[in-house]
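The values are calculated or read from the model by the stated rules, or taken from the named source; none is laboratory data. Quick caveat: nothing in here was measured; it's all calculated off a predicted structure. Cβ sites come from the backbone with ideal geometry, for glycine too, and all protein chains shown count toward neighbours. Ligands, DNA and RNA are excluded from the accessible area calculation, which covers all protein heavy atoms including side chains. Shrake-Rupley method; radii C 1.70, N 1.55, O 1.52, S 1.80 Å.
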There are 2 protein chains.
Amino acid sequence: MPEIYREKHRVVYYETDVSGQISLGKLVDLLMLASYDQGKALGMSEEKLNEQGYGWVITQHLLEINRLPKRDEQITLETKATAYNRYFCYRDFAIYDLAGELLAKMHTAFVLLDLKTRKISRITEAVIAPFAPEAIKTIERLPSPGKLTTVDAKKEYQVRFWDIDTNHHVNNVHYIEWMLDALDADFLLNYEPVALNIKYEHELHYGDTCESKVQIIREPELITVHEIKKTDTLSCTAKVSWRPRQ
Amino acid sequence: MPEIYREKHRVVYYETDVSGQISLGKLVDLLMLASYDQGKALGMSEEKLNEQGYGWVITQHLLEINRLPKRDEQITLETKATAYNRYFCYRDFAIYDLAGELLAKMHTAFVLLDLKTRKISRITEAVIAPFAPEAIKTIERLPSPGKLTTVDAKKEYQVRFWDIDTNHHVNNVHYIEWMLDALDADFLLNYEPVALNIKYEHELHYGDTCESKVQIIREPELITVHEIKKTDTLSCTAKVSWRPRQ
């Protein structure tokens with residue numbers, strides 16, 4: 001049975017936007033923290049992995065939101081590594097409020113990056129055993145975020161020093177911020193995200209410039225489709241579902 | 001005697017840079033959080049102030065750093081409102097490690113912004129009394145960060161949705177990130193900040209574009225002088241002292 005890890009967190013004001021709700025990027029930051037802390041608690045920390053020349057890298061997040069936590073709200077973060085095959089590790093995340101209500105859940109696919117060759121490495125027993133996921137032979141077929149058919153808005157972003165993480169590339173959370181920021185403030189003030197499917201294709205590095213493009217589909221449901229490209233190289237795609245803020 | 005407020009915090013990985021030390025922006029975020037939490041604890045929260053049409057705005061920070069806290073380190077944040085006059089409130093901040101060593105201290109000048117007129121408002125007894133600062137007649141003469149005499153590097157930044165705080169302008173912390181990011185990664189990997197004097201002149205809003213310029217002075221000590229301008233309007237100036245990373 002997979003090891004389950006839980007920790008409490010108080011949402012603080014700089015994790016929220018002007019609506020007082022947590023921003024989508026910070027929400028994913030918190031879930032990534034739970035996974036980082038589990039590694040530490042089980043003796044297989046990110047630092048230890050880095051020393052061995054490896055780092056966990058996200059290939060896809062599938063996030064569903066029932067309610068975004070608010071400024072000063074106490075929440076519980078939960079995670080477990082559910083399964084792994086030769087190259088992928090799959091993880092489930094959940095966020096609960098004080099009453100035990102499920103606020104959000106996320107399913108994430110990780111690969112192990114060789115920090116020297118920048119290539120995907122086979123997952124070794126030593127690295128994965130502490131988390132006790134199920135060993136599987138199959139590769140999960142996760143839904144694709146889809147492609148833009150037209151561009152409704154776009155913005156350019158230059159990678160900053162603080163966008164880079166210990167894997168020496170742009171941290172997965174910053175793509176989410178670039179994607180959503182390409183929508184304008186009116187949109188972001190009127191709607192809140194209920195689902196995110198984000199898929200990472202090619203890493204970006206310090207000093208790179210990329211373009212964040214978005215298509216807004218209003219019928220039958222409000223959906224935005226996103227892509228981030230560095231010149232012609234697709235770095236990341238995503239689909240976000242929205243509802244009016246309550 | 002001023003009310004003293006303390007809270008504990010664990011520095012988490014997304015608050016640190018690739019060196020494993022907290023970033024200067026996040027360090028100031030944490031201190032601002034302590035001040036926000038004190039307001040809440042004393043019944044004069046930022047939300048309550050916002051409802052009355054006001055918000056606290058920073059005019060200057062003077063920060064001195066003995067040692068930057070590291071990833072996963074437990075620290076204590078401390079703050080008190082030391083004094084106030086007709087228009088300014090002065091606050092002291094400190095960060096201690098588990099052994100009680102002083103890691104950093106900051107002195108900050110605040111003014112009260114009228115959120116409708118966007119003008120500075122006189123500080124009322126009702127707003128300030130819970131913090132019990134000393135009432136003074138004088139205005140503190142804080143040192144000026146100085147001006148650039150030449151430009152060694154510059155970068156452009158566009159204000160993003162998540163740069164905006166409940167005062168509906170760019171939060172003070174983002175200026176620090178724009179200023180330091182205008183230095184390149186080599187500089188930021190080789191040196192760490194030991195002091196910051198940052199002065200805020202004109203607010204920036206959503207969608208604004210600004211230019212962050214920096215001059216690097218190497219003798220007799222390593223100092224950088226910064227300015228952020230929106231076209232011809234000076235938004236913010238700063239001086240940062242550095243030492244080689246240990």
If you take the beta carbon distance between A:Arg10 and B:Ala132 as r and set R0 to 35 Å, what does 1/(1 + (r/R0)^6) give as a FRET efficiency, to the nearest 0.05?
0.85
Along the principal axes of its C-alpha atoms, what lengths does the range B:1-74 span, in descending order and rounded to whole Å?
43, 25, 23
Beyond a 32 Å Cα-Cα separation, which of these cross-linked pairs lie in this structure: A:Lys40/B:Lys8; A:Lys8/A:Lys137; A:Lys80/A:Lys119; A:Lys147/B:Lys116?
A:Lys8/A:Lys137; A:Lys147/B:Lys116
Taking loop as defined by DSSP and a crowding limit of 15 other beta carbons within 10 Å, which GluC sites (Glu not before Pro) in the range A:1-76 fit?
A:Glu3
Report the semi-axes of the equivalent ellipsoid for the range A:153-244 in whole Å, largest first, where each axis is √(5λ) for an eigenvalue λ of the Cα gyration tensor.
24, 12, 12
Quick one: with label points 7 Å out along Cα→Cβ, list the inter-copy distances for B:Asp97 in nm, shortest first?
4.1
Expressed as a whole number, the average count of other chain Cβ atoms within 10 Å around the Cβ atoms of A:153-161 is 4
In Å and whole numbers, how far do the C-alpha atoms of the protein assembly as shown stretch along each principal axis, longest first?
75, 53, 43
Charges at C-beta only: +1 for Lys and Arg, -1 for Asp and Glu. How large is the resulting dipole of the range A:1-152 about its Cα centre, in Debye rounded to 20?
480
Chain A: relative contact order from alpha carbon pairs under 8 Å, six or more residues apart, as a whole percent, is 19
Could you estimate the translational diffusion coefficient of the range A:5-135 from the Stokes-Einstein equation, with Rh from the Kirkwood formula over C-alpha pairs, at 25 °C and 0.890 mPa s, in whole µm²/s?
159
Filter the GluC sites (Glu not before Pro) in the range B:153-246 to those in DSSP coil with at most 12 other Cβ atoms within 10 Å of their Cβ, and list the result.
B:Glu221
Taking θ = phi - 60°, what integer Hz values does the Karplus form 6.51 cos²θ - 1.76 cosθ + 1.60 yield along the range A:158-175, in sequence order, with x for Gly and Pro?
9, 5, 9, 3, 7, 7, 8, 10, 5, 7, 6, 9, 4, 5, 3, 5, 5, 4
Quick tally, 1.4 Å probe accessible area for A:Thr150, A:Thr231, A:Thr224, sorted with the most first, runs A:Thr231, A:Thr150, A:Thr224
What does a probe at B:Thr124 reach in the range B:20-46, counting residues whose amide N is under 15 Å from the point 7 Å along Cα→Cβ?
B:44-46
Reciprocal mean inverse distance between Cα atoms of chain A - Kirkwood radius, Å:
18.7
Over the range B:67-176, the quotient of the Cα radius of gyration and 2.2 N^0.38 Å is 1.34
11 Å reach of a label modelled at B:Ile139, 7 Å along Cα-to-Cβ, counting backbone N of the range B:86-124
B:86-88
Other-copy label distances relative to B:Ala126, 7 angstrom Cα-Cβ extension, nm
6.6
Just from its helices, what would the mean residue ellipticity at 222 nm be for chain B, if runs of 4 or more DSSP H residues each count -39500 (n - 2.57) and the sum is divided by every residue, rounded to the nearest 500 deg cm²/dmol?
-5000 deg cm²/dmol
Under 15 Å from the Cβ of A:Pro69, count the other residues' Cβ atoms, weight Lys and Arg +1, Asp and Glu -1, and hand me the total.
-3
Greater than 23 Å separation of Cα atoms is the criterion. Which listed pairs, A:Lys239/B:Lys155; A:Lys155/B:Lys155; B:Lys70/B:Lys199, meet it?
A:Lys239/B:Lys155; B:Lys70/B:Lys199
Whole-Å distance, taken between Cα centres, linking the range B:186-201 and the range A:1-31:
28
Debye, to nearest 20: dipole size of the protein assembly as shown, +1 on Lys, Arg Cβ, -1 on Asp, Glu Cβ
100
Sorted from shortest, what are the nm distances separating the label point of B:Lys147 from equivalent points in the other copies, each placed 7 Å from Cα along Cα to C-beta?
5.5
